[in-house]
Every structure is written in structure tokens, then in C-alpha cells.
Amino acid sequence: MDRDTRLKRLKFRSWHRGTREADLMIGGYFDAHAATWSDADMDWFETFLEEQDVDIMAWAMGVQPPPAQFDHPVLHGMRKMDFVPVAR
């Protein structure tokens, strides 16, 4: 799959999580940073998106420590996110 197709697929999966809060956190972070990701970062993110929203949000907010396989620079960046622009 080429990079553009892969990014479109990841964008869809990032913005269609099941709860609005998860959509904003994961999708908003994706929109802000995915263009700079390497193929390895996209591999990691694809695996990351298989996890439950409640776990992803807890790891991203620092409420729970992530499992070793998810302690990754992309998640570290998500932890630093302080807002997501929302269209009205």
C-alpha cells in the first residue's frame, strides 16, 4: 500500500473510534503530526489503534503507564498535546 493510501486509512481509523472524546484526541493528534511520521511510526500507530479507546486515552493522559510496546515517541507526543482545534 502506498504512503498516501496508508495515511488516509489511518486518518479514518483515528477519527472513527467510537466516542467523540477519543476521536478528538486520537484524530486531532493524527492530523497535527502524521505527515512527519516514518513508516516505522505508521507501523506502530496501526498496532496502537487496535487497542481499546479507554486504554489509549489513559496512556495518553498519563493516568496509567503504557505497556512496553506502546511506550513510543508518538505516544510521548500525544501526552504533550494540550488542545485540539474543533470546527464549529
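The values are calculated or read from the model by the stated rules, or taken from the named source; none is laboratory data. All values reported here derive from a predicted model rather than from experimental measurement. All Cβ positions, even for glycine, are placed from backbone atoms using ideal geometry, and neighbour counts span all protein chains on display. To get the accessible areas, we keep the full protein, side chains included, count just its heavy atoms, and leave off ligands, DNA and RNA. Shrake-Rupley method; radii C 1.70, N 1.55, O 1.52, S 1.80 Å.
Taking the structure as given and computing log10 I(q)/I(0) by the Debye sum over Cα atoms at q = 0.19, 0.24 Å⁻¹, which label from [x] -0.79, -1.07; [y] -0.83, -1.38; [z] -0.74, -1.22 fits?
Checking each listed value against the structure points to [y].
If you take the beta carbon distance between Arg3 and Met81 as r and set R0 to 22 Å, what does 1/(1 + (r/R0)^6) give as a FRET efficiency, to the nearest 0.05? Each step should come with its number before you reach the end.
Details: r = 23 Å, r/R0 = 1.06.
Working from the Cβ atoms, E equals 0.40.
Take the solvent-accessible surface of the protein heavy atoms, probe 1.4 Å, and return the percent of it on the chain that carbon and sulfur atoms account for. Each step should come with its number before you reach the end.
Details: 3000 of 5540 Å².
C and S fraction of accessible area: 54 percent.
At 7 Å along Cα-to-Cβ for each site, give me the label-to-label distance between Ala35 and Thr19 in nm.
Placing both labels 7 Å beyond Cα along the Cβ direction yields 3.0 nm.
Ranked highest first by the average count of other Cβ atoms within 10 Å around their residues, in what order do 12-20, 51-59 fall? Could you put the intermediate results ahead of the total?
Details: 12-20: 13.8, 51-59: 15.8.
Put in order of decreasing packing, that is 51-59, 12-20.
Okay, helix-only estimate at 222 nm for the chain: each DSSP H run of n ≥ 4 adds -39500 (n - 2.57), divide by all residues, round to 500 deg cm²/dmol; what do you get?
Working: 5 runs with 54 residues, N = 88.
Result for the chain: -18500 deg cm²/dmol, rounded to the nearest 500.
What is the sum of charges around Gln64, taking Lys and Arg as +1, Asp and Glu as -1, for the other residues whose C-beta is under 15 Å from the C-beta of Gln64? Each step should come with its number before you reach the end.
On the way: positive: Arg79; negative: Glu51, Asp53, Asp55, Asp71.
Once all neighbours under 15 Å are counted, the net charge is -3.
Explain nothing, just compute: Karplus ³J(HN,Hα) = 6.51 cos²θ - 1.76 cosθ + 1.60, θ = phi - 60°, for every residue of the stretch 14-21 in order, whole Hz, x for Gly and Pro.
6, 8, 10, 8, x, 10, 4, 4
Quick one: in the stretch 32-80, what % of C-alpha pairs are over 13 Å apart? Provide the component values of the computation, followed by the final result.
On the way: 640 of 1176 pairs.
Result: 54 percent of Cα pairs exceed 13 Å.
Taking amide H positions as placed 1.01 Å from N in the peptide plane, with prolines and chain starts having none, which residues 5 or more places from Glu51, or on another chain, fall under 5 Å of its amide H?
Close amide H contacts, sequence-distant or interchain: none at all.
Please get the size of the charge dipole for the stretch 1-67, origin at its Cα centre, with Cβ charges of +1 on Lys and Arg and -1 on Asp and Glu, quoted in debye to the nearest 20. Mind dumping the intermediate values first?
Numbers: 8 positive and 13 negative charges, 49 e Å.
That gives a dipole near 240 debye.
What whole-number value in Å² describes the accessible area per residue of the chain for a 1.4 Å probe?
63
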